Amino acid sequence: MGLKLTNFKTVGFDDPLVTSVVIDEQGYLSDTATVTETIDCQGSYLSPGWTDLHVHVWHGGSDVSVRPAQAGRGTGVTTMADAGSAGEAAFHGFREYVIDREQETIKAFLNIGSIGLVACNRVPELMDVRFIDVDRTMAVIEANRDVICGIKVRASGVICGNWGVTPAKIAKRVAEIAGLPLMVHVGEPPPLIDEVFDILTPGDVVTHCFNGKCCGSIRDTKALFDQALDMQQRGILMDVGHGVASFDFETARLSMEEGLKPFSISTDMHLWNVNGPVYNLATTMSKLLTLGLSFEEVIEASTNRPRSFLGLGGRSGLTSGTRADFTIFDLADNDELATDSGGNTIRLTKTFEPKFTLIGRSMAAAARRGPGKEA
């Protein structure tokens, strides 16, 4: 028995001419399954499942994390990567109670700080040398290689204090030994952003790449921006990581005009921004569209590129035998005022509006919250 989707426009797939697909009882695309139910997508777009490379969903284990449902299928997202909510000390709980229980695909960057974000910023996870246990961190990585996608370090003054760039260097060494990429949060010093940049290699991720913080932004000097451009060309990945304090419209607009475009669009979703200014991935995607990315560039940065980073399929997702993982959405006319992390505003005239997601045979309704919209 097969579920058939019809009447959609594809984006982000190798075959742009497909207008219908059939999904068998096991949730895989099929050329032979007998159709027993048909869903008319009413001309909406169908893309690989939206993928958020920076969320915080260790709800209850981290005082800043949202429930996965707040960042997941109900907002159009089928796949997400938690960016360091858990360190080695509590990762077993994060896996048992979140990663292994949710319908969405959830991967995780393991925080180099053992306590993770249990009391985010009130008890920084990198206060001194006692807060990193390399041996236990390596043991957790080895026990969870199927879900751990990298190491996370927050390299900013409120977290590292007088330790400066040292925690980032330790995190990078652990990542190298484990054969994993490093995701580094950049912000206010110490360390200086160029000190952090100097330790990164191709495949590593700079999150909060468009923050507007003084002494923590890629636009602080021309030399620093040129270094960021060079890093991008060498394969170091720039991630938006909007957050409550880490996305500046002018930084993003000017940087993209001058050639620095994000590898991935992500939200840094957590309890301090879920009710604004971030809201969800769809609103963040809409902001990047308004600031100058093309429709196709926004889709790539929200689907195929982060999915590839996580070792997941994307562009070939319409091939028979592939497990269904789709987001169905509209690009709607709008007239909505949106805000960055510093209170600056832009007007969104087009917004990404998710309608539903499909993971295997499981369909879930989706919608976008935003300014003036009810929860």
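Only the coordinates and a few stated rules stand behind these numbers; no lab work does. Nothing here was measured: the structure is a model prediction, and the numbers come from that model. All Cβ positions, even for glycine, are placed from backbone atoms using ideal geometry, and neighbour counts span all protein chains on display.
Annotations
- Cβ-derived FRET efficiency at R0 22 Å, Lys350 paired with Arg323, nearest 0.05: 0.10
- Per-residue HN-Hα couplings for the range 147-161 [Karplus 6.51, -1.76, 1.60; θ = phi - 60°; Hz; x = Gly/Pro]: 10, 7, 9, x, 10, 10, 9, 9, 9, 9, x, 5, 9, 8, x
- Nearby lysines by direct alpha-carbon distance to Lys213 (threshold 16 angstrom, same-chain neighbours under 8 apart not counted): Lys222
- Between Glu176 and Arg67, the FRET efficiency estimated from the beta carbon spacing at R0 = 41 angstrom works out to 0.75.
- Between the amide H of Cys149 and those of Ala108, Phe109, Leu110, distances stay under 5 Å, these residues lying 5 or more places away or on another chain, with hydrogens modeled in the peptide plane.
- For the range 24-96, GluC sites (Glu not before Pro) are listed when DSSP marks them as loop and at most 15 other Cβ atoms sit within 10 Å of their Cβ; the list is Glu25.
- Near Thr38, the amide H atoms lying under 5 Å from its own belong to Lys4; only residues 5 or more places off or on other chains count, and H is placed 1.01 Å from N.
- Taking 24 Å as the limit for the C-alpha separation, the pairs Lys107/Lys152; Lys169/Lys287; Lys9/Lys261 exceed it in the case of Lys169/Lys287; Lys9/Lys261.
- A straight Cα-to-Cα reach below 24 Å connects Lys4 with the lysines Lys355, residues fewer than 8 places away in its own chain not being considered.
- Orientation-averaged projected area, Cα convex hull of the range 178-302 (nm²): 7.7
- Beta bridges by DSSP in the chain, antiparallel share as percent, to the nearest 5: 45
- Relative contact order (percent, whole number), the range 50-309, Cα cutoff 8 Å, 6+ residue spacing: 18
- Tensor-based shape of the range 199-244 (alpha-carbon gyration tensor, a/c under 1.5 rounded, otherwise prolate or oblate): oblate
- Choice from Pro189, Pro16, Pro262 with maximal GNM fluctuation in the chain (Cα, 10 Å cutoff): Pro16
- Within a Gaussian network of the chain (alpha carbon springs, distance under 10 Å), most fluctuating of Thr34, Thr339, Thr319: Thr34
- Taking the convex hull of Cα positions in the range 35-109, its mean projected area over all directions (nm²): 6.2
- Dividing the mean sequence gap of close Cα pairs (under 8 Å, 6+ apart) by how many residues the range 224-375 holds gives a relative contact order of 22 percent.
- By the compact-protein rule of thumb, 2.2 N^0.38 Å, the alpha-carbon radius of gyration of the range 258-302 corresponds to a ratio of 1.17.
- Coil-residue trypsin sites (Lys or Arg not before Pro) of the range 21-123, DSSP, other Cβ within 10 Å capped at 12: Arg101, Arg122
- With the simple spin-label model, which puts each label point 7 Å out from Cα in the Cβ direction, the Ala223 to Lys4 separation comes to 6.5 nm.
- Sorted ascending by nearby beta carbons within 10 Å, beginning with the fewest, Ile112, Ile199, Ile159 become Ile199, Ile159, Ile112.
- Linear extension gain, Arg253 paired with Glu25, 0.36 nm per residue minus alpha-carbon span: 77.5 nm
- Relative compactness, the range 50-309, computed as alpha-carbon Rg over 2.2 N^0.38 Å: 0.91
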